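The values are calculated or read from the model by the stated rules, or taken from the named source; none is laboratory data. From a predicted model like this one, the values you see are computed outputs, not experimental measurements. Neighbour counts run over all protein chains shown; Cβ positions are idealised from the backbone, glycine included.
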Amino acid sequence: MPDLQDLKNIQAEIEAFTSLGYKELGAVLPAHRPAIGTFCPFVPEEMIQAAGGHPFRLVDTPVKISQAQAFLPAYCCHPVKSYLQHLLAGDLDFLKGVVFSHSCDAHKGLSEIWFRQERLPFYYNLMIPTRLDSPLARTFLRAEFDRFRMELEKHLGPVSDTHLREALALFRAIGDRLAELYALRSRYLPELPADFFARLIRAGFWMDRRKYLQILGDLKNALPETSRPAARPIPVFVTGNMVHEPYWHALIEDSGAQIVWDDLCSGARTFRLKSSDFDDPLETLTERYFSNFFCPTKYIDPLARQEILDQEVKNSGAKGIIFLLYKYGEPHYFDYPDLKAFFEAQGIPTLLIEVEDPSQSREQNKIRIQAFMEMLE
């Protein structure tokens, strides 16, 4: 039975938690689990969890870039600048370590700069193969996970197969709950507005995962099972390199849209990381990165991204696609012209929103989004 008071309590808790800065978050994290920073879903958080650590994903947050500019070129995306700025300012001193993945060029460069600062006791660079279509890629990645396991055991604790299976089950349950909430949002529930939903996603990067799973379950129980008849907003699909950000997602929906699905590495894209259960849990983790297209920093097939986006856009019933891109995020920009041409040839309009600094150009982009919605009506 839906409970409006429970819903309000959950919304208030999530808003308060995600409004904390990194320093404040460090003070409320599980004391018994050392926090290990990550940047990307290519890092298997289950292994950190199984080792007794607390996976803590860093995302772009509002911060004045000052010290970081001395280390990075101007043509660098804002998230990378913000990560380094927070490190240099001491905001991340609560972390016991950090794990980079071999993804875009900016992150590769950042990993070396970060290492030379010598501010954290544990630093690791997880080498993810770029050519996932190579017959040796799977063998290489499995060997990398074995090496990562040994490093975690040196710095955190034993990573037993039993603990790995428990962590896999926990994160799978979280993914299943989020998928259920996505399905509810796609049918339009005013109780799940964009700004709150973006905060809910971000909370899952920082909160104790068992507590987070409980909150997701309580939220599901507090929501109505069906949407109420009403004038529905225009369904749109969002893709890009920006993670869930309350302001930008609210800006889209306040303009008359409903984000029915997304292709963001913080959200629905992670649902593609599925694999069968093997007797060896590390084999389960390895397999999921080859089961489907996940990220434009990796190559698996020339049409892989186009085909999976085509399927997801059609399944979502979206009338338009918004590309929400951080400027200088090259891997996504390489794909953009072909994807734009492909969808517009099918009669599906697209809009590119290019963001250099998330705190700037807001009103200009607000007008562009509103005009796009008027075109879709």
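Inspect all residues belonging to region 152-161 and state whether any of them is surrounded by fewer than 19 Cβ atoms within 10 Å (Cβ to Cβ), modelled with pLDDT of 95 or more and in contact with an Asp or Glu (Cβ under 8 Å, 6 or more places away or on another chain).
Residues of region 152-161 surrounded by fewer than 19 Cβ atoms within 10 Å (Cβ to Cβ): 153-155, 157-158, 160-161.
Going one step further and asking which of them are modelled with pLDDT of 95 or more, we end up with 153-155, 157-158, 160-161.
Of the ones still in play, those that are also in contact with an Asp or Glu (Cβ under 8 Å, 6 or more places away or on another chain) are 161.
Checked against the condition, which is being surrounded by fewer than 19 Cβ atoms within 10 Å (Cβ to Cβ), modelled with pLDDT of 95 or more and in contact with an Asp or Glu (Cβ under 8 Å, 6 or more places away or on another chain), region 152-161 yields at least one hit.
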Within the bounds of region 136-143, is there any residue that is in a loop (DSSP other than H, G, I, E, B) and within 20 Å of the chain's Cα centre (by Cα)?
no
Can you find a residue that is within 19 Å of the chain's Cα centre (by Cα), in a loop (DSSP other than H, G, I, E, B) and of a type in the set (S, T, N, Q) anywhere in region 238-256?
yes
Looking at region 117-126, is at least one residue more than 19 Å from the chain's Cα centre (by Cα), assigned to a helix (DSSP H, G or I) and at negative phi?
yes
Report, by residue number, each residue of region 236-263 that is free of Cβ contacts under 8 Å to residues at least 60 places away in the same chain and either among the hydrophobic types (A, V, I, L, M, F, W, C) or in the same structural domain as residue 180 (by TED's automatic domain parsing) (or both).
250
Criterion violated by residue 48 - all others in (1) out of contact with any Pro (no Cβ under 6 Å at 6 or more places or on another chain); (2) in a helix (DSSP H, G or I); (3) closer than 28 Å to residue 155 by Cα; (4) not aromatic (Phe, Trp, Tyr) satisfied:
(1)
Selected residue (criterion: surrounded by the fewest Cβ atoms within 10 Å (Cβ to Cβ)) from residues of region 104-125 that are within 19 Å of residue 297 (Cα to Cα) and among the acidic types (Asp, Glu):
112
Do we have any residue at all in region 310-320 that's more than 17 Å from residue 248 (Cα to Cα), touching a Ser or Thr at 6+ places or on another chain (Cβ under 7 Å) and buried (at least 18 other Cβ atoms within 10 Å of the Cβ)?
yes
Quick one: is residue 68 buried (at least 21 other Cβ atoms within 10 Å of the Cβ) and over 24 Å from residue 42 (Cα atoms)?
yes
Name the one entry in 41, 55 that is under 17 Å from the mean Cα position of the chain (by Cα) and under 16 Å from residue 94 (Cα atoms).
55
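Counting only residues that are among the aliphatic types (A, V, I, L, M) and surrounded by fewer than 14 Cβ atoms within 10 Å (Cβ to Cβ), which one in region 1-38 is farthest from the chain's Cα centre (by Cα)?
Quick first cut of region 1-38, residues among the aliphatic types (A, V, I, L, M) only: 1, 4, 7, 10, 12, 14, 16, 20, 25, 27-29, 31, 35-36.
Restricting the remaining residues to those that are surrounded by fewer than 14 Cβ atoms within 10 Å (Cβ to Cβ) gives 1, 4, 12, 16, 20, 27-28, 31.
Numbers: 1: 31, 4: 28, 12: 22, 16: 20, 20: 18, 27: 23, 28: 22, 31: 24 Å.
Here the answer is 1.
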Checking the conditions here, which among 294, 290, 237 is within 16 Å of residue 129 (Cα to Cα), touching a Leu at 6+ places or on another chain (Cβ under 9 Å) and surrounded by 19 or more Cβ atoms within 10 Å (Cβ to Cβ)?
294
Among residues of region 93-103 being surrounded by fewer than 22 Cβ atoms within 10 Å (Cβ to Cβ) and touching a helix residue (DSSP H, G or I) at 6+ places or on another chain (Cβ under 7 Å), the residue farthest from residue 122 (Cα to Cα) is 102
Here is a list: 126, 141, 84, 132. Which entry is farther than 26 Å from residue 287 by Cα, among the aliphatic types (A, V, I, L, M) and not assigned by TED's automatic domain parsing to the domain that holds residue 285?
84
